[in-house]
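Data first, discussion second: the structure below is written as structure tokens.
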Amino acid sequence: MTAPAYVPGHDLLAGKVVVVTAAAGAGIGAAVVRRALEEGAKAVVFSDTHERRLAEAEEALAGEFGRDRVRQLVCDVTDEAQVQALLDAAEELGGVEVMVNNAGLGGTASVLEMTDEQWSRVLDITLTGTFRCVRAAGQRMTASGRAGVIVNNASVIGWRAQEGQAHYAAAKAGVMALTRCAALDLAPHGIRVNAVAPSLAMHPFLAKVTSDELLAELTGREAFGRAAEPWEVANVMVFLASDYSSYLTGEVVSVSSQRG
């Protein structure tokens, strides 16, 4: 089954300042940046650890949407100072109102061979990095009195077992739990926290680090017989960031057609 036609924007994020992590290239983060701009965001600050790809993305988006609406900044979410610098950049544009935490790291290793370093790096980027960004954005929003929104990227693997994915599954399950608990902490301040849990979203970088056999197996589990397009996941993240989801907080929304 082929992907549906691309959905045009409807100003769901009109006037908002949006921050997106891990957004260089062609994956979900990059799709969220584009979708936010198409949905009328006042400005989008996006980050990654890949300086060249960030600069290329900024140049392309500035030409299409206007240079005053896009800004990129290198940010490693394992570094608190860099996370704060990212939020400082948003302050210069009016202050973060939507924080999309997309940064994560996977990998494949049996628990029999997995090293402490492999375990810790995946957890530090995928779970602790998300925590750092939730904390930083939450602090900025509460200090300013803005009723902001935080959207985290989890994964269906946080619910379902997969061979060789103990570290990634544990991290993504942690993101889900973090989302639920942070939602309660931030609700009194008018800040909503939700997450998406995609199954398989295809993009060139995923294809480079995943075997054809595994991709075929994962695709075979999908009811539509195809992977999601990154923009299909981004659409749900934008919905969660918009006023259309004003009564949702602490929720993890599955963006998946998996049968089991």
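Readers should treat all values here as calculations from the given coordinates under stated rules, not as data from a laboratory. Since the model is a prediction, treat every value here as computed from it, not as a measurement. As a convention, Cβ positions derive from the backbone with ideal geometry for all residues, glycine included, and neighbour counts pool all protein chains shown.
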Give me the number: length gained by fully extending residue 173 to residue 120, i.e. 0.36 nm times residue separation minus the C-alpha to C-alpha distance, one decimal in nm.
-> 17.6 nm
Quick one: if you stick a label point 7 Å off each Cα along the C-beta vector at residue 184 and residue 7, how many nm between them?
-> 3.1 nm
Would you mind calculating the gained length between residue 244 and residue 112 on full extension (0.36 nm times residue separation, minus the Cα-Cα distance), in nm to one decimal?
-> 43.0 nm
Estimated [θ] at 222 nm from DSSP helical runs (n ≥ 4, -39500 (n - 2.57)) normalised by residues in the chain, nearest 500 | -13000 deg cm²/dmol
Regarding the chain, what whole-number volume in Å³ per residue does the convex hull of its Cα atoms give?
-> 122 Å³
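Starting from 0.36 nm per residue, how many nanometres of slack lie between residue 80 and residue 162 once their C-alpha separation is accounted for? Provide the component values of the computation, followed by the final result.
Numbers: separation 82, 0.36 × 82 = 29.52 nm, distance 3.11 nm.
Additional length available on full extension: 26.4 nm.
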Given the convex hull of the Cα atoms of region 23-125, what is a quarter of its surface area in nm²?
-> 7.1 nm²
